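What follows is a set of notes on a single structure, which appears directly below.
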Amino acid sequence: MMLKIKRVPTVVSNYQKEDGEEGSRRGGGCGRNCLQNCCLQDARLPLYAFKKVDSIVAGNDGAGVPEDDKGEPPVAFLDSLLLGEWEDRMQRGLFRYDVTACETKVIPGQYCFIAQLNEGRHLKKRPTEFRVDKVLQPFDGNKFNFTKVGQEEVLFQFGASEEGEAQFFPDAPVDPENSPTMVAINVSPIEYGHVLLIPRVLDCLPQRIDCDSLMLAIYMAAEAGNPYFRLGYNSLGAFATINHLHFQAYYLAVPFPIEKAPVKEITTLNSGMKISELVNYPVRGLVFEGGNTLLDLSKGVSDACICLQENNIPYNVLIADCGNRIFLLPQCYAEKQALGEVSSELLDTQVNPAVWEISGHMVLKRKKDYEEASEENAWRLLAEVSLSEERFQEVSDLIFEAICYSGDVNGTDSEKLLKDVNVEHHQPVEEVNVIIESSHPAMVPGILN
Ligand SMILES: [Zn+2]
């Protein structure tokens with residue numbers, strides 16, 4: 001059986017038209033000033049080249065890159081470049097609505113969920129069927145993808161510097177041979193500065209995380225250097241609607257509820273990366289933080305993501321704290337929805353619980369839901385997104401097994417992790433470091449060999 005849900009797709013680009021609609025012709029090429037061969041000749045876009053840093057002490061002052069390693073940035077990445085260019089596109093009227101005019105409030109309660117009334121996001125579109133039971137699907141060039149966006153929607157190219165220091169070129173050629181990574185606006189923003197990070201856009205990669213792509217997203221968070229600028233990722237089956245590799249990001253100057261949720265530490269690996277589990281939060285998830293280098297963190301989290309992808313488990317990722325803290329949330333809402341297991345009361349809200357909603361930023365489409373927004377309602381929706389306690393345990397075990405098998409974890413880590421993984425998950429927070437007998441003896445021999 002193929003599981004599908006119907007939903008109104010978010011229009012992220014002005015070129016994401018209904019079939020048959022033509023964009024207005026202007027200039028040369030195909031007339032859309034797109035990112036394909038027809039329009040890339042002589043194309044020029046700003047280029048921000050970040051400094052690749054290997055010796056990052058994560059967690060210092062919330063900044064991923066120590067100031068003395070960083071040098072003077074050639075341009076203020078977040079304020080001048082990203083937000084400056086974003087505002088320029090707003091002035092040019094490229095967005096479908098004015099997100100700064102959307103009402104937003106903090107919902108009273110312990111967690112301070114954030115509610116936004118966004119009535120413009122789903123207008124003028126027909127619901128479309130999405131297959132939600134396959135996390136990995138091949139790229140399909142006939143469907144909308146980011147090579148079809150107009151160059152005016154691109155803010156800048158983003159890549160590693162070859163000079164050992166950050167560089168900025170306001171007007172750099174676009175080199176199709178090197179398939180540049182692009183930062184583009186989302187024309188249906190849910191917050192100020194809402195952009196898309198599209199790794200190696202011309203390679204037409206499907207929506208699928210690997211270490212290199214995650215590393216780019218982490219570098220972007222580190223380069224922004226502001227904990228209120230986060231990046232998010234939705235897998236297929238977890239409310240991504242475009243099967244072309246992309247992350248989202250925006251700026252919102254309040255803590256997300258998920259960032260404030262208590263955690264219990266499960267283990268710290270030799271690389272310095274700590275893995276914890278969220279407690280007392282409606283969606284069960286893992287938290288990865290620290291590591292001697294950002295690469296350690298990217299490796300650990302991408303191993304976990306690859307494991308989920310290979311096991312066909314939909315998931316969302318939030319990159320917080322300047323790239324130093326990453327939340328991984330396997331979810332099952334779309335599957336339940338397809339199976340008819342979600343109440344009509346929740347379905348009627350048409351809220352798609354993707355990474356931002358799971359993190360506690362509830363984007364509501366109906367005034368009624370906005371007015372009645374309460375912590376209880378937010379919790380009730382998010383509880384449906386979460387895996388059950390039992391299933392989460394199974395999935396966590398798979399993830400830890402994958403991290404253990406990965407070449408970067410040495411024997412000591414594997415032994416430590418295997419013991420730590422089997423911590424009883426029902427214990428109160430203060431008892432979590434108690435190690436109990438392994439309940440997965442079969443895992444041990446393979447991993448310790
Ligand atoms: Zn073109």
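The values are calculated or read from the model by the stated rules, or taken from the named source; none is laboratory data. All figures in this text were calculated on a predicted structure; none of them were measured in a lab. Methodologically, a virtual Cβ is constructed for each residue, glycine included, from the backbone with ideal geometry; neighbour enumeration extends over all protein chains shown.
One residue stands out in region 113-157 among those that are closer than 28 Å to Ala383 by Cβ and among the basic types (Lys, Arg): the one that is modelled with the highest pLDDT, namely Lys134. Within region 309-348, being more than 14 Å from Val287 (Cβ to Cβ) and of a type in the set (A, V, I, L, M, F, W, C) holds for Ile313, Cys322, Cys332, Ala334, Ala338, Leu339, Val342, Leu346, Leu347.
The residue pairs whose first member lies in region 30-51 and is without any contact (Cβ under 8 Å) to a residue 12 or more places away in the chain and under 19 Å from Gln16 (Cβ atoms), whose second member is part of a loop (DSSP other than H, G, I, E, B) and within 10 Å of the ligand (Cβ to nearest atom), and whose beta carbons are closer than 6 Å, counting only pairs six or more residues apart or on different chains, are Cys38/Gly29; Cys38/Cys30. Scanning region 144-180 for residues that are of a type in the set (S, T, N, Q) and over 30 Å from Met362 (Cβ atoms) returns Thr147, Gln151, Gln157, Ser161, Gln167, Asn178, Ser179.
For region 36-85, filtered to residues that are at pLDDT below 85 and under 15 Å from Gly159 (Cα atoms), the residue that is farthest from the ligand (Cβ to nearest atom) is Val53.
Checking each residue in region 151-189 for being surrounded by fewer than 19 Cβ atoms within 10 Å (Cβ to Cβ) and assigned to a loop (DSSP other than H, G, I, E, B) picks out Ser161, Glu162, Glu163, Gly164, Glu165, Asp175, Ser179. When Asp420, Asp408, Asp397 are checked against the criterion of being acidic (Asp, Glu) and either modelled with pLDDT under 50 or outside any helix (DSSP H, G or I) (or both), Asp408 stands alone in meeting it.
Selection of region 306-334 for residues being farther than 21 Å from Cys404 by Cβ and in a loop (DSSP other than H, G, I, E, B) yields Pro314, Asn324, Cys332. In region 208-232, the residues that are under 19 Å from Lys299 (Cβ atoms) form Cβ pairs under 6 Å with partners that are outside any helix (DSSP H, G or I) and among the polar types (S, T, N, Q), at six or more places apart or across chains, as follows: Leu216/Thr181. Comparison of Arg32, Arg89, Arg26 shows that the only residue that is within 16 Å of the ligand (Cβ to nearest atom) and either part of a helix (DSSP H, G or I) or at pLDDT below 75 (or both) is Arg26. Within region 249-305, being assigned to a helix (DSSP H, G or I), of a type in the set (A, V, I, L, M) and buried (at least 22 other Cβ atoms within 10 Å of the Cβ) holds for Ile258, Leu294, Leu297, Val301, Ala304.
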